[in-house]
Amino acid sequence: MKKIQSCIALIISGIAVLPSMAMAFCPPDYPEKGVLGTHLEHPDLANGHAPLDKIIDEGRRLFTAQFNKCDGIGRPATTGGGVKREATQPMFIRTSSPETNSCAGCHAQPFVGGSGEFVTNAFILAQRLDPVTESVSNQFSNERNTLGMHGAGAIEMVAREMTYDLRAQAAALPDGEHTISSKGIDFKIVKENGEVTYSEGIRKDLMVRPFAQSGNIASIRHFTIDAMNHHHGMQAEERFDLFAGKNFESDHDEDGVHRELSIGDITALTVFQAALPVPTQVLPESHEERVAIRQGKRLFKEIGCASCHKPKLVLSSPLFSEPSPLNAVHTFNDVSQSIVWDMTSEGPSPRLGRDRKGNVVVRAYTDLKLHNLCDDESRLDAIRFYCNETLDQDRQAHGDKPGREFFLTRKLWDVGSSAPYGHRGDITTITEAILYHGGEGRVSRDNFENLPPVKQKKVVDFLKSLQVVENN
């Protein structure tokens, strides 16, 4: 397939946009076609040009589509990190990927957009290897279970507000050691010569990154672009074709398919995930069981679990806006072409609610902070479920504690629907997930262990009541 020889460039937030090629394609005489269909164009979706439900429907169509080679699945001439390589590697491989045809192939439990079983695990960092690896050893990758995306829009907006807040506080402080706080969550920092040179629980740039278990990704859009390339070998034009320095290539992975995913395609995928229903609490009909669950919630707080798994985070605004102004230059960020909606009144339900004071609350049971759950006991081979990685994956060390031991506090608002547990998905019960805590979670873990069995069950039953429910 010949590459595009010329283009009329439009400039959107510093990114040159190639002219539309209406359909993904295979050779003209090929008996099958791609499933992607006509590309979506971001200007046609933004600033009220398309209703929210239409954008969500288009995003769901793309999220559940079974992509094929005519759509551009596979990346023969690039790694999963986008680095050029010889086009000699397998089209599909379970470890270094691509390894799936559909987003919903992994994000399916209990509904589309949700979490995944152990069999859907991804081998993070293996996608960057050239040549690929067939090994599942932790020397080559961090094996990660698939997390659910329900409530992701609210989580991103909490993270954005916290980022602005923390950065503003840090900028106003003199050099020295400080504790800064946002939404009741404290972070220790050190400033030298006007710059943050050390931080705990967050990177030194003070960007709250709520996606990926290592806390590496700040926005749903960034997550989506990474995932489409990593798992499907389908490359977004805003990063791979149009980003400065790429010479405006339209087939960066050299698979013969130009413009695999438009800016509008990524927008629709992002909006679909951002608008997924928020998890909620499902209570039994029995009065006695309801009372036990309420008691379990109180015990959860009393034993210290709520110090990291914050029961609620308050949003200053109920609005979600796409794209994020915090997106990096290789991820679309032109806020003059935004899609905005009220997460308390628009989109699929259940939606965000308000507390008695009228505050918009995100009942996610997380602090969006990196913590270390490792100590001498939890590092023992028999129970090292949270201390078994060897690769830092861009996580910074904290003193003598290596970056590989730090993980983002797990959101528990869907824990009743998202078994198995742990970053590798190799923990089968909530009880085990609690008892394998060490390090910063040691005191809470021991408090739980010391409860009588009847009270332990109340804590677990409370957690099991936090679920993803079908859109109603």
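The values are calculated or read from the model by the stated rules, or taken from the named source; none is laboratory data. Worth saying up front: this structure is predicted, and the values here are computed from it rather than measured. We place every Cβ from the backbone using ideal geometry, glycine too, and count neighbours over all the protein chains shown. Protein only, heavy atoms only, side chains kept; ligands, DNA and RNA dropped before computing areas. Shrake-Rupley method; radii C 1.70, N 1.55, O 1.52, S 1.80 Å.
Below, the figures for the structure above:
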read-out	value
Nearest-ten-degree value, helix 263-274 long axis tilted from longest Cα axis of the chain	20
Degrees between helix 52-64 axis and first principal axis of the chain (Cα, 0 to 90, nearest 10)	80
In sequence order, calculated HN-Hα J values of the range 360-377 (Karplus, 6.51, -1.76, 1.60; Hz; x Gly/Pro)	6, 10, 10, 8, 9, 6, 8, 10, 6, 10, 7, 10, 10, 9, 10, 8, 4, 6
Distance in nm between pseudo-label sites at Lys301 and Ile93 (7 Å out along the Cβ direction from Cα)	5.2
Calculated FRET efficiency for the pair Glu32/Leu173, C-beta based, R₀ 51 Å, to 0.05	0.25
Sites Lys457 and Glu117, calculated FRET efficiency, Cβ-Cβ separation with R0 35 Å, nearest 0.05	0.90
Hz values of 3J(HN,Hα) by residue in the range 140-151 - Karplus curve (6.51, -1.76, 1.60), Gly and Pro given as x	10, 7, 9, 6, 10, 6, 6, 8, x, 9, 5, x
The range 109-145: GluC sites (Glu not before Pro) falling in loop per DSSP and having at most 13 other Cβ within 10 Å	Glu134
Scattering curve values for the range 260-390, log₁₀ I(q)/I(0), Debye with Cα scatterers, q = 0.11, 0.14 Å⁻¹	-0.66, -0.94
Simple label model, 7 Å out from Cα along Cβ direction - Asp205 to Asp53, nm	3.9
Extension reserve of the Tyr164-Val83 stretch, reckoned as 0.36 nm per residue once the Cα distance is removed	25.9 nm
Percent accessible area from carbon and sulfur atoms, the chain, protein chains only, probe 1.4 Å	53
Listed peptides 463-470, 217-224 by packing density, highest first (mean Cβ within 10 Å)	217-224, 463-470
Answer label, with mean projected area of the Cα convex hull in nm² calculated from the coordinates and candidates (1) 23.9; (2) 26.6; (3) 20.1	(1)
J(HN,Hα) series, the range 308-320, from Karplus relation 6.51 cos²θ - 1.76 cosθ + 1.60, nearest Hz, glycine and proline x	10, 7, 4, x, 8, 10, 9, 8, 6, 9, x, 8, 9
Per residue accessible area in Å² of the range 291-368, where ligands, DNA and RNA are left out and the probe is 1.4 Å	45
Amide H within-cut-off set for Leu319, under 5 Å, with H built and near neighbours excluded	Met343
Computed [θ] at 222 nm, helices only, for the chain once each DSSP H run of length n ≥ 4 contributes -39500 (n - 2.57)	-6500 deg cm²/dmol
Eligible aspartates and glutamates near Lys33 by straight Cα distance, threshold 17 Å, same-chain separation 8 or greater	Asp71, Asp255, Glu260
Rounded if a/c under 1.5, otherwise prolate or oblate - the range 140-225, Cα gyration tensor axes	prolate
Highest-first arrangement of 87-97, 63-73, where packing means the average Cβ count within 10 Å	63-73, 87-97
Folded to 0 to 90 degrees: helix 287-302 orientation relative to the chain principal axis, Cα	90
For the chain: relative contact order, % (alpha-carbon pairs under 8 angstrom, 6 or more apart)	18
